[in-house]
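> Would you mind keeping the following structure in view while I ask a few things?
The values are calculated or read from the model by the stated rules, or taken from the named source; none is laboratory data. Every value quoted in this text rests on a predicted model; they were computed, and no experiment measured them. Here the Cβ positions follow ideal geometry from the backbone for every residue, glycine too, while neighbour counts run over all protein chains shown. Surface accessibility is based on the protein's heavy atoms, side chains included, excluding ligands, DNA and RNA. Shrake-Rupley method; radii C 1.70, N 1.55, O 1.52, S 1.80 Å.
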Amino acid sequence: MRIGFANIYAWRPHTAHALYLGDLLSQKKYHLEYLICRANLSHCYNLGLKKSSRLKECPRCITGGLASYVDGGITRLNKNSFSDGEIDFRTVAASSVATMQRIEDPSERQTPRFEHALGKYRGNIETTYRSTRQWIRDKQLDAVLCFNGRIDHTAAVVKACEDAGVTFVTHERSQFGDGIQLVPNGNCLSLASYSKMAAEYGNRPLATDQATVAARIGSRRFLGSSSGEWRTYNNTAKSRSWPISDTKRRILILPSSHGEILGEKDWATSWPTAVDAFEWLIARLGIRPSEVVVRFHPVWAQRIGSVDGDHISAYFEKWCREKGYYFLPANSDVSTLDLIASADDVLLTHSSAALEAGLLGKSVYSVTPSYKTTGFVKSFVSPSDFEAALANAAQDGREIIRRTLRHIYFVARRYPQFCGTVQAVSPSQYNFFGGASSERLERLIRTGELLADDATFSSSLDEENAVISEIETRNWSAFAEQRREPQEGVLVRKRRYGLDNILRWRELLPAADR
């Protein structure tokens, strides 16, 4: 087989992931080809987010990219490429522009500012699409492995693969670090394989070691010591009591940004906005304004690239003031975990705070499909499936914890692939170990079917129950103290001769700066 790797961005750790996957395929003598940008695009997500110059950003990308490691088989994007088919640059780039501008209000996607940013992609997206189509044809590729598949140019690569009728697999870092997330014929947010596997293993008990791994991951989130996740928040927060006194119920709303899921078919709902969804749920549950606390996401107080989150905060603040909801701004030092622990019900879009709420046995409602098959979240995407959401989710606190544990283990050790040989040292740095077989990756490419990296489970609830009993004590440090034993035999992939010592400072940059 002839396999192509398309890594338009040289972000850490994704270049290392691509090289690792390529090495696995090389074991079987597959012919490998590579598609890169090499500064041939005048606009991309990097440039738009950071408002930086090509003179500054492109050398970083080139130095950290695939061409720094492989000797041949490199193809560059070329605006003169010829291909059949067309691509709508507006559809492909809208999510990226909304994310880099950090806007939530749909009306802001109709502004000259948004249109101007979108217009910068004109021609560039077409170049990526045409180049990918020609690359597939000229190199006679049987399949393509592409990083991410959602962001602007990576989405153009995926669209080219779809239109060319070529199998593709996208790769991303996993949520908790270890392993590599591989999605057959979908981008990093596609839910088909994810939801199917989550539903399958949500009904299977965990063995003691599996439940302990899940509890350990959860405990580190409570203790603020998680080292494998891309970003962590609110780690220096202060303990506070529920901010509203003399209320019958305590309802916590945890909204998230919508930009990244904008236009994703698998994430479609009937709600015009998340605010509309929350308002419907509030009315359905008979919640009074005086019972509501809205905790703005801490990331809205942080700059990402050159952009702050003021637009998003302003959008939700306007909503809270109009409805009379108590809100905590993004820069509040109030502990979100304390709020979750004090709440009776937690309402959210797709926040990972559902995990902490689940481990505390809380009732969680989600208005997006991200948790639809997990069994511990009442997840619905329209009023018509609300009753089904209630019926399909655990109601008892202990059962909620059980389903949450299973889901955490699924996200950590079943859905990602090669968890035993690809281990996160930090969010951007990995150790790779020998011993993995290429057969798992070959099968995925050949069949388009994703199998669980760990398909084992317990025959009874006994082992799981013992760990749940420990979780109910909320002694999180008992799990966090257990450390993974270091392994030997780390595989090291060096850059091509003469490049090893160039720009070593790049490795010192924060993860978000790649």
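> Suppose R0 equals 56 Å; then what is the FRET efficiency for residue 63 and residue 223 from their Cβ-Cβ distance, rounded to the nearest 0.05?
Efficiency at R0 = 56 Å is approximately 0.95.
> On a full-extension model of 0.36 nm per residue, what is the gain between residue 79 and residue 27, subtracting their alpha-carbon distance, rounded to one decimal in nm?
15.3 nm
> Turning to a different aspect of this structure: Which length gain, in nm to one decimal place, applies between residue 56 and residue 273 when the Cα-Cα distance is subtracted from 0.36 nm times their residue separation?
74.4 nm
> Hey, what's the chain come to in accessible area per residue, 1.4 Å probe, Å²?
42 Å²
> Provide, for q = 0.12, 0.17, 0.27, 0.28 Å⁻¹, the log10 of I(q)/I(0) from a solvent-free Debye sum over equal Cα point scatterers in region 286-356.
The calculated log intensity ratios at q = 0.12, 0.17, 0.27, 0.28 Å⁻¹ are -0.34, -0.69, -1.42, -1.45.
> Can you give me the long-range amide H partners of residue 430? Hydrogens built in the peptide plane at 1.01 Å from N, cutoff under 5 Å, separation of 5 or more residues or another chain.
425
> So for each of 274-281, 144-151, 110-117 I average, over its residues, the number of other beta carbons within 10 Å; can you give me the resulting order with the highest mean first?
Going by the mean number of other Cβ atoms within 10 Å, highest first, we get 144-151, 274-281, 110-117.
> For residue 318 and residue 248, what does the FRET efficiency come to when R0 = 25 Å and r is the distance between their Cβ atoms, rounded to the nearest 0.05?
Between residue 318 and residue 248 the formula returns 0.40.
> Could you list which residues have their amide H under 5 Å from that of residue 294, counting only those 5 or more apart in sequence or on another chain, with H placed in the peptide plane?
Amide H to amide H, under 5 Å and 5 or more residues apart or across chains, residue 294 pairs with 253, 326, 327, 328.
> Per DSSP H run of n ≥ 4, the term is -39500 (n - 2.57); total these for the chain, divide by its residue number, and report the mean residue ellipticity at 222 nm rounded to 500 deg cm²/dmol.
When only DSSP H runs of four or more count, the value is -11000 deg cm²/dmol.
> Evaluate the charge dipole of region 18-129 about its Cα centre and quote only its size in Debye, nearest 20, assuming +1 on the Cβ of each Lys and Arg and -1 on the Cβ of each Asp and Glu.
Taking the Cα centre of region 18-129 as origin, the dipole is about 460 debye.
> So what is the orientation-averaged projected area of region 199-323, using the convex hull of its C-alpha atoms, in nm²?
The directionally averaged projection comes out at 11.5 nm².
> Cα centroid distance between region 168-222 and region 351-371, in Å?
Centre-to-centre (Cα) distance: 15 Å.
> At 0.36 nm per residue, minus the direct Cα-Cα distance, what do residue 462 and residue 142 gain on full extension? Give it in nm, one decimal, please.
Extra length from residue 462 to residue 142 when fully extended: 110.5 nm.
> Report, for the chain, the % of DSSP beta bridges that are antiparallel, rounded to 5.
Rounded to the nearest five, the antiparallel share is 30 percent.
> Taking amide H atoms as placed 1.01 Å from N in the peptide plane, list the residues 5 or more away in sequence, or in a different chain, whose amide H sits under 5 Å from that of residue 35.
5, 6, 7, 75
> Mind running the shape call on region 174-259? Use the C-alpha gyration tensor, a ≥ b ≥ c as the square roots of the eigenvalues: rounded below 1.5 for a/c, prolate if a/b tops b/c, oblate otherwise.
Prolate, because a/c is 1.5 or more and a/b exceeds b/c.
> I'd like the carbon and sulfur percentage of the solvent accessible area for the chain, probe radius 1.4 Å, heavy atoms only, ligands and nucleic acids excluded.
Its accessible area is 48 percent carbon and sulfur atoms.
> Using mean Cβ contacts within 10 Å as the protection proxy, how do 126-136, 328-338 order, highest first?
My ranking of the peptides, most packed first, is 126-136, 328-338.
> Beyond 43 Å, what percent of the Cα pairs of the chain remain?
Of all Cα-Cα distances in the chain, 16 percent exceed 43 Å.
> I've got another one for you. Compare the peptides 152-161, 26-35, 288-297 by average per-residue count of other Cβ atoms within 10 angstrom and give them in order, highest first.
The densest-packed peptide leads the list: 152-161, 288-297, 26-35.
> Can you give the Rg to Rh ratio for region 1-158, taking only C-alpha atoms and Rh from Kirkwood?
Expressed as Rg/Rh, it is 0.98.
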